[in-house]
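Visitor: There's a structure below that I have some questions on.
The values are calculated or read from the model by the stated rules, or taken from the named source; none is laboratory data. Remember, it's a predicted structure, so these values are computed and weren't measured experimentally. So basically every Cβ, Gly included, is an ideal-geometry build from the backbone, and we count neighbours across all protein chains shown.
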Amino acid sequence: MQNENRIILTAAAEKKVSYGCQPLAKNTFFIDALFGDKHDGKLSLVEEFELTKKRISALEAQAKFESSEPQIFIGEKMKALVAKPQNAWFMADTKIDASIAARTE
């Protein structure tokens with residue numbers, strides 16, 4: 001899956017378990033920690049991911065679960081993008097093909 005034009009986030013390392021997948025749960029620990037109430041679009045994805053790992057680690061420790069060890073891979077062509085605050089990813093400096101933009105109106 002790794003490629004120079006990809007960003008890959010996983011909720012757990014290859015041989016680990018991701019927690020929070022109960023039938024009545026809205027989201028997993030990982031999704032809640034990454035995109036929940038504490039998500040901050042002013043941070044870069046790497047900064048947000050590091051905070052997410054800390055949040056998950058605290059939840060896992062509280063529940064006495066083994067660490068899930070979330071992972072991130074950033075391809076070479078994506079490094080400039082992930083260095084920007086997440087709020088800036090889709091701002092005006094991003095060029096959108098006019099034909100695509102017209103189809104969304």
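Visitor: Is it the case that Gly20 is of a type outside the set (S, T, N, Q) and touching a Ser or Thr at 6+ places or on another chain (Cβ under 7 Å)?
Guide: yes
Visitor: Something else about it: Among the residues of the range 52-75 satisfying the criterion of being among the hydrophobic types (A, V, I, L, M, F, W, C) and within 18 Å of the chain's Cα centre (by Cα), which is modelled with the lowest pLDDT?
Guide: Leu59
Visitor: Out of all the residues in the range 7-15, is one or more within 22 Å of Lys84 (Cβ to Cβ), exposed (fewer than 13 other Cβ atoms within 10 Å of the Cβ) and not aliphatic (A, V, I, L, M)?
Guide: No - not one qualifying residue is present in the range 7-15.
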